[in-house]
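Read-outs throughout are calculated quantities, based only on the coordinates presented, and are distinct from any laboratory measurement. Keep in mind that what you see is a predicted model, and the values were worked out from it rather than measured. All Cβ positions, even for glycine, are placed from backbone atoms using ideal geometry, and neighbour counts span all protein chains on display.
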């Protein structure tokens with residue numbers, strides 16, 4: 001499998017963790033089989049008893065919806081930014097760089113406050 005395909009599957013699975021409940025049951029199932037079970041469209045079609053075209057359309061709608069939701073809400077990106085900031089703060093603490101850790105944590109608090117205020 002190409003690195004790009006794998007990266008897209010990982011990204012879709014990550015977005016599904018945030019927004020999966022907003023998809024239809026069928027879309028969640030197809031997405032899970034595709035991203036988590038790594039089944040091909042033909043294998044998913046056989047598993048669900050539908051056509052390969054039906055699987056393709058469901059997967060396209062699901063991925064489109066996930067990307068739309070992320071563009072509108074940005075929850076996954078916010079999570080990634082917060083996680084990276086916490087990792088940086090922890091690294092600073094391990095190096096006993098307390099002012100550096102404090103700066104990173106303050107930046108995270110500022111980011112959080114700005115997002116709460118809709119900035």
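Restricting to Cα pairs below 8 Å that are 6+ residues apart, what does the relative contact order work out to for the chain? Please round to a whole percent. Working shown, then result.
Details: 76 pairs, mean separation 23.6, N = 119.
That works out to 20 percent.
Pop a pseudo-label 7 angstrom from the Cα along the beta-carbon direction at both residue 116 and residue 71 and give the gap in nm to one decimal.
Here the modelled spin labels are 3.0 nm apart.
What is the spin-label model distance, in nm, from residue 61 to residue 80 if the labels are put 7 Å beyond Cα along the C-beta direction?
Those two pseudo-labels are separated by 2.7 nm.
How many percent of all Cα-Cα pairs in the chain sit more than 16 Å apart?
It works out to 67 percent of all Cα pairs.
If R0 is 22 Å, what FRET efficiency do you get for residue 91 and residue 6 from their C-beta distance, rounded to 0.05? Before the final figure, lay out each step's value.
Working: r = 27 Å, r/R0 = 1.25.
Computed FRET efficiency for residue 91 and residue 6: 0.20.
Pairing the Cα long axis of helix 75-94 with the longest principal axis of the chain, what angle in degrees results, from 0 to 90 and rounded to the nearest 10?
For 75-94 against the chain, the angle is about 40 degrees.
In degrees, nearest 10, range 0 to 90: what is the angle between the Cα axis of helix 3-19 and the longest Cα principal axis of the chain?
On a 0 to 90 degree scale, this one is about 80.
Quick check on the range 76-116: what does the Kirkwood estimate of hydrodynamic radius come out to from the alpha carbon pairs, in Å?
Numbers: mean 1/r = 0.0980 Å⁻¹.
It is 10.2 Å.
To the nearest 10 degrees, how steeply does helix 25-35 sit against the main Cα axis of the chain, on a 0 to 90 scale?
Helix 25-35 sits roughly 80 degrees off the main axis of the chain.
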